[in-house]
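Here's the structure we're looking at; comments come further down.
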Amino acid sequence: MIWKKNFTLPQLNEMGKNCAVGHLGIEISAFGEDWLEATMPVDHRTTQPFGLLHGGVSVALAETVGSLAGSLCVEEGKAVVGLDINANHLRPVREGKVTAKATPINLSRNTHVWQIDIRNEQDKLCCVSRLTLSIIDL
């Protein structure tokens, strides 16, 4: 397992309650040995004026799940901060919810690179994102 910190899903979700994560309805939904997953509703909080999932909100979801995953992979006394994120929006989403799954591409001593795939309720790929994190001392 890649995780260096002990955690539960309720603990992870409690962290996001009073910030943008909670406002957007993002919930950490599952994890495995080397991945972390989050869901987000497609509703009035997350769509753009034309009724489609907002691309910037998709990026916020990707950065949320990727950064959280990265923070769980570093030793105590270390933190992660974003260096770069990109996203390719492949398919529009009008309703329901989306699920983002973060998996590591590279976990080195000073940086992490994470792949985040966002899928709709039909399990169709809607957005792919790559997040680079820097490891810093607290």
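The values are calculated or read from the model by the stated rules, or taken from the named source; none is laboratory data. Here the structure is a predicted model, which is why all the values come from computation and not from measurement. So basically every Cβ, Gly included, is an ideal-geometry build from the backbone, and we count neighbours across all protein chains shown. Keep in mind that these areas ignore ligands, DNA and RNA; they rest on the heavy atoms of the full protein, side chains included. Shrake-Rupley method; radii C 1.70, N 1.55, O 1.52, S 1.80 Å.
Computed from the Cα positions only, the extents of the chain along the three principal axes stand at 43, 27, 24 Å, in decreasing order. Modelled label positions at L138 and D123, each set 7 Å beyond Cα in the direction of Cβ, lie 3.9 nm from each other.
In order along region 57-66, the Karplus-derived 3J(HN,Hα) couplings, from 6.51 cos²θ - 1.76 cosθ + 1.60 at θ = phi - 60°, round to 6, 4, 5, 4, 4, 4, 5, 4, 6, x Hz, and Gly and Pro are given as x. For the chain, the relative contact order is 25 percent, taking Cα pairs closer than 8 Å that sit 6 or more residues apart in sequence and dividing their mean separation by the residue count. Under a 5 Å amide H cut-off, with hydrogens placed 1.01 Å from N, H54 pairs with T47, Q48 among residues at least 5 apart or on other chains. Report the label-to-label distance for Q115 and E95 in nanometres (one decimal), using points 7 Å from each Cα along the Cα→Cβ vector. Each label point is offset 7 Å from its Cα along the Cβ direction, giving 3.3 nm. Database remark: amide H of V98 closer than 5 angstrom to the amide H of M40, V42 (H placed geometrically; neighbours at sequence offset of 5 or more, or on other chains; Pro and chain starts carry no H).
Extending 7 Å from Cα along the Cβ direction at D84 and again at W3 yields two label points whose distance is 3.0 nm. Of the peptides 15-23, 123-131, the order by per-residue mean of other Cβ atoms within 10 Å, starting with the highest, comes out as 123-131, 15-23.
Estimated from the Cβ-Cβ distance and a Förster radius of 41 angstrom, the FRET efficiency linking M15 and F50 is about 0.80.
Among the lysines of the chain, pairs that are 8 or more positions apart or on different chains and have alpha carbons within less than 27 Å of each other number 12.
Ranked by solvent-accessible area (1.4 Å probe, protein heavy atoms only, all chains present), the residues D43, D137 order from largest to smallest as D137, D43.
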